[in-house]
Amino acid sequence: MRSSKTTLMPTVYNRNLHRYAVFTACCTFLLLIAGALVTSNDAGLSIPDWPLAFGSLNPPMVGGIVYEWSHRVMATCVGLLTIGLAVWLWMGDPRVWMKRLGLVALGGVIAQGILGGMTVRMFQPPAVSAAHATLAQLFFSTVVAIAVFTSEWWQSDVVRMEDTGDPPIRSLAVWTAGAVFLQLILGAAFRHKAFGLDPHLAGAGIVAVLIFMTAGALKRRFPSSQPLRKSARILHILIGVQLLLGGGAWWSRVYAARFPQPIPVMVLLTVTHTVTGALVLAATLVTTLLSYRILRPGAVVAGSSSTSEQVAS
């Protein structure tokens, strides 16, 4: 394994922009919790109209209305934060692709609001509800990526390292992130009663194997790289916690079946399992970004070295 320092064209680091992006990502995570609370408490149709609530901006805060209305208020706040983020990136970030990523985030939050309204007006059709839940995960990952891209570390010089292992970390990370995303789709479809639990269980096994492979490869091949080593540790912790939460959530649903209303233990375990899934997706995404930022495929490095030797001779 070889390493070399690559000097990049500097980008002006904006600490306030980065902090704003991190704050937006944190608020989005809280919004995911609020959305999971709505689903787990069967409160999705507690307010029959949209965008108002019983024709008002001040509905009676009783029963499931508390969860649904709080979710809508938080979604509005995140939408406003995203507008600010997109404008700030467009006006203050010199990177064209970052300006476009800000617009992607803005488009995502708008689409998410539309899907949320459709879910209510169409009385929670499984396909629309699952799409609403899935897009929430994608939007969260997009904002997390923006927070990474606006960080000081990302915009500074890094030590590039050669990855000569097989399969390459880049490929492993991409496949793992893709599998996690598909697993979240299966989980959303199960929660919204589109189909049963078996596909989600099968997906959990595949995701677990890929995450352990990716994290293990990172620890074995790059023990001296703090970002990659930290990513491996976080992946190990999150997948372990998520598997335990998945078992707990399944048990709680079986146990809660005897009660007419959702019980606290079922709500707690299901919500925690759902939002931890979002953290797993964000962690695999960040791992993928780090692998492309730090690592170079061995064949590419070898080719570059041969070219340099020929030019020198």
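The values are calculated or read from the model by the stated rules, or taken from the named source; none is laboratory data. The model shown is predicted, which means the values in this text are computed figures rather than measured ones. Cβ: placed from backbone, ideal geometry, glycine included. Neighbour counts: every protein chain shown. Please note that ligands, DNA and RNA were not included when accessible areas were found on the heavy atoms of the full protein model with its side chains. Shrake-Rupley method; radii C 1.70, N 1.55, O 1.52, S 1.80 Å.
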Open item on the list: What does the C-alpha gyration tensor say about the overall shape of the range 1-127? Classify as rounded when a/c is under 1.5, otherwise prolate if a/b is larger than b/c, or oblate.
Closed with: prolate
- [ ] Loop sites only, by DSSP: take the trypsin sites (Lys or Arg not before Pro) in the chain that have at most 16 other C-beta atoms within 10 Å and name the longest stretch containing none of them.
- [x] 96-192
Open item on the list: Net charge around Leu115, counting only other residues with Cβ within less than 14 Å of its Cβ (Lys, Arg = +1; Asp, Glu = -1)?
Closed with: +2
Task: the range 97-220, dipole about Cα centre (Lys/Arg Cβ +1, Asp/Glu Cβ -1), debye to the nearest 20 - done: 360
Open item on the list: Output the 0 to 90 degree angle, nearest 10, between the alpha-carbon long axis of helix 198-221 and the longest principal axis computed from the alpha carbons of the chain.
Closed with: 30
Task: Residue with peak Gaussian network fluctuation, the chain [Cα springs, cutoff 10 Å], from Ala188, Ala202, Ala105 - done: Ala202
TODO: Springs between alpha-carbon atoms under 10 Å, Gaussian network over the chain: tell me which of Ala189, Ala127, Ala282 tops the mean-square fluctuations.
DONE: Ala127
- [ ] Starting from the residue with the highest accessible area, list Asp49, Asp166, Asp157, Asp42 in decreasing order, probe 1.4 Å.
- [x] Asp166, Asp42, Asp157, Asp49
- [ ] Starting from the Cα-Cα distance between Leu52 and Phe259, subtract it from 0.36 nm times their residue separation and give me the gain in nm to one decimal.
- [x] 71.4 nm
- [ ] Note the angle between two axes, namely the Cα long axis of helix 226-256 and the longest principal axis of the Cα atoms of the chain, as a number of degrees from 0 to 90, rounded to the nearest 10.
- [x] 20
TODO: Could you work out which residue, out of Ser46, Ser171, Ser56, moves most in a Gaussian network model of the chain, that is, has the largest mean-square fluctuation with Cα springs under 10 Å?
DONE: Ser56
TODO: Tabulate in residue order the Karplus-calculated ³J(HN,Hα) for the range 289-295, using 6.51 cos²θ - 1.76 cosθ + 1.60 with θ = phi - 60°, rounded to whole Hz; enter x for Gly and Pro.
DONE: 4, 5, 5, 6, 7, 9, 9
Task: Relative intensity, log₁₀ I(q)/I(0), of the range 195-296 from a Debye sum that treats every alpha carbon as a point, q = 0.12, 0.14, 0.16 Å⁻¹ - done: -0.48, -0.61, -0.73
TODO: Report, in whole Å, the centroid distance computed from the Cα atoms of the range 70-143 and the range 217-267.
DONE: 25
TODO: Any chance you could give the angle, 0 to 90 degrees and rounded to 10, that helix 15-40 forms with the longest Cα principal axis of the chain?
DONE: 40
TODO: Could you check what % of the DSSP bridge pairs in the chain are antiparallel, to the nearest 5?
DONE: 60
Task: Net lengthening on full extension, Ile83/Ile237 (0.36 nm per residue, minus Cα-Cα) - done: 52.1 nm
Task: Model label zone, Val209; criterion: amide N under 20 Å from point 7 Å along Cα-to-beta-carbon; scope the range 158-193 - done: 166-187
Open item on the list: Under 5 Å between amide hydrogens, which residues at least 5 positions from Arg296 or on another chain qualify, with H placed 1.01 Å from N in the peptide plane?
Closed with: Met161, Glu162, Asp163
TODO: Could you pull out every one of the aspartates and glutamates with an alpha carbon less than 20 Å from that of Lys193, ignoring same-chain neighbours closer than 8 positions?
DONE: Asp42, Glu68
Open item on the list: With +1 assigned to the C-beta of every Lys and Arg and -1 to the C-beta of every Asp and Glu, and no other charges, what is the dipole magnitude of the range 158-313 about the Cα centre in debye, to the nearest 20?
Closed with: 400
